[in-house]
Structures are given as structure tokens and as C-alpha cells.
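Have a look at the structure below before the remarks.
Values in this text are rule-based calculations from the coordinates and carry no lab data. Note that the structure is a prediction, hence the values are computed from the model and not measured. Every residue, glycine among them, receives a Cβ derived from its backbone with ideal geometry; neighbour counts consider all protein chains shown.
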Amino acid sequence: MATDEGLRYELSAVVGSLPVLETLASAHPDARVVPLAVPGLGLLPVTATLAAGITPASLCVLGTGPLPGGTPDAAHHRRTWLTGPESGFDVLTPGLAALLEAGSVRAPLAWIEAEYLGQDGRQAAAVWSSGMLVCGPLLLGPREEFVSARAPISIALRTLGVVAAGRRDEFVVAGLGTHRRTADWCAAGRGTAFPGGRGAPGDPGGAR
């Protein structure tokens, strides 16, 4: 990509209901939750450093029983596939995928990644529900046509119940253009932390 002249947008995060995200945030002391523009929906920004600090052992914070995803070997294969070079995800790790899978037993969770410089970039998304992957991984690469309704993040947000309004697609309705960097979302969530861990783009050339 070319030099960043204020046109860069990048985000890696979990999106879901605030109560579930608050529980997930207890898996790492630096995790914070930021409420989104849709009532009851929040975002947990995840940097590569934070993702690396979340291991399968972090599932202990959820206190869940056996998941419906099959044997441990099947779960390991699934997480490896989701985090491999063909997945489209750069930040998602096996430990984080395991946490999302377990957390989705309570309510659906989406993992989203995006990186743009102007209209040049890529985005990817996946959604878990009831302990299983139900959507994705979806990938829109840099050489593919951007159509808002078919964009991975828009599809993931629709799966969570976000509804587009007129020319405002799901990305804009949720307020994901409020900040242009994952680190900025982390800073915005600093004031939401509490014991236990609580904490535009309508087109890729806009806020995305």
C-alpha cells in the first residue's frame, strides 16, 4: 500500500452483545469493550499483541461445558483452518477462535478484520453462534469489487441483527467508522474497564 496520508483504516475486533463481550474481556487484563451505536451491541478491539496473549486456557473465564463442535481434534482442525494463510485473517489466533466459539454459546459473536488505504484494501469476517461457526470465513480481497450489501463485515453485522437504513449500510449504522485504528478503539474503551474485564464505511474509500 502507498504512504498513509490520513486515508488508512484498519480494525480487528470482536462484535457482539455487551454482556458477552464483557465476559470475554476478562480473558485478558488489557481487553476493553466499547459500546456501538446499535443499542446492546459492543466492540472488543483486538491488537495482534492482545490476540497473542489469549490462549485456549482462557476459556476458563467462561465456565462453559463441552461445545457442540465435535471432538478436540475436530475443534483443533477448525481453528487451524480459520487462522491459516487461506482464511483471510491476519490477527485471529487459535486461542482467540476458541474463545469466540465458546462465548457464542451465550449469544452470536462476529470476528471482523479490515485494512484499507483509500479504496485499496481487504476485509474479512466470520460469525459464531451456539458454539459453532455459522458464517464465513468471508473475504473481500483488494482486487475484488466492493458492494456494500455483499461485503463481509456488512454480512456479519446483519447476522448480529444490525439493519441498514437507507444509504447507511450496516457498517455505518453500527458506527464502525467512529475510529480509524484498532488502537484508537482500545483507547476509547479504557474508561469502560471494571473488575472482570468490562470494559464510513459505506464504501471502502470512506472510513474503511
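Loop-resident GluC sites (Glu not before Pro) (DSSP state other than H, G, I, E or B) in the stretch 82-145 with no more than 13 further Cβ atoms inside 10 Å of their Cβ: Glu86, Glu144, Glu145. Listing Trp185, Trp128, Trp81 from fewest to most neighbouring C-beta atoms within 10 Å gives Trp81, Trp185, Trp128. 3J(HN,Hα) along the stretch 138-145: 9, 9, 10, x, x, 9, 9, 5 Hz, from the Karplus curve 6.51 cos²θ - 1.76 cosθ + 1.60 with θ = phi - 60°, whole Hz, x for Gly and Pro.
Amide H to amide H distances under 5 Å link Val134 with Val127, Trp128, Ser129, where only residues 5 or more positions off or on other chains count and H is placed in the peptide plane.
For the stretch 118-181, trypsin sites (Lys or Arg not before Pro) meeting the loop criterion (DSSP other than H, G, I, E, B) and having at most 13 other Cβ atoms within 10 Å: Arg143, Arg167.
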